1. State the antiparallel share, in %, of DSSP beta bridges confined to the stretch 10-161, rounding to the nearest 5.
2. Tell me the per residue accessible area of the chain using a 1.4 Å probe; a whole number in Å² is fine.
3. What are the ³J(HN,Hα) values, in whole Hz, obtained from phi via the Karplus relation 6.51 cos²θ - 1.76 cosθ + 1.60 with θ = phi - 60°, for each residue of the stretch 90-102 in sequence order, with x given for Gly and Pro?
4. Would you mind giving the average projected area, over all directions, of the Cα convex hull of the stretch 33-161 in nm² with one decimal?
5. Once neighbouring chains are kept in place and the probe is 1.4 Å, which whole percent of the accessible area of the stretch 26-161 is contributed by carbon and sulfur?
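The values are calculated or read from the model by the stated rules, or taken from the named source; none is laboratory data. Remember, predicted model here, so these are calculated numbers, not experimental data. Calculation scope for accessible area: heavy atoms of the full protein, side chains included, ligands and nucleic acids excluded. Shrake-Rupley method; radii C 1.70, N 1.55, O 1.52, S 1.80 Å.
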Amino acid sequence: MVTMPVQQWRITQVREVSSPGEDAWLITYEPVDGDPSSGFASYVPKEAIEVRAAEYGLATVDEALDVILHAALLAPAHAAGELDMPAPGLLDVEAARAQVTEQLAICKERYGTITAAAAGAARAAKAADPLQVIRDQTRIDPIKTAAIRMEIDRFRLSNRE
């Protein structure tokens with residue numbers, strides 16, 4: 001069996017999308033090696049960071065970003081049935097964290113890795129990490145996260161039969 005090298009992606013831009021009823025990030029991915037036209041953008045509601053923290057028992061914005069950024073690379077494998085869809089709403093927080101940790105490892109081994117570092121001349125020009133805007137504007141509120149987790153647990157327990 002011939003294995004293909006894992007695709008490497010670079011986050012090149014993060015744009016804030018705000019309008020009435022919409023508060024999100026538009027995150028642009030480009031291949032490190034390969035055709036730049038194969039890049040894509042991922043739309044991430046700002047609340048997703050705290051929700052992922054609650055779902056998986058994550059404590060930092062960077063942990064939540066790791067899950068969110070790799071989700072775009074895992075989506076085709078989930079859609080094709082190669083990997084089970086994550087089910088944090090059906091699992092206790094420890095099992096949900098174990099599930100996402102395993103899926104991130106599989107993603108980085110088989111499907112792709114992500115870097116936010118600028119490359120080449122852009123790095124020499126002191127280009128900033130495009131994800132820094134998210135880090136600067138996002139805080140994980142432990143009380144809000146606990147309330148979200150409580151609702152997830154309430155859902156999980158109510159669906160036990």
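1. Of the beta bridges lying entirely in the stretch 10-161, close to 95 percent run antiparallel.
2. Value returned for the chain: 60 Å² of accessible area per residue.
3. 9, 10, 6, 4, 5, 5, 5, 5, 4, 4, 5, 4, 5
4. Mean projected area for the stretch 33-161: 9.6 nm², to one decimal.
5. Of the solvent-accessible surface of the stretch 26-161, carbon and sulfur hold 57 percent.
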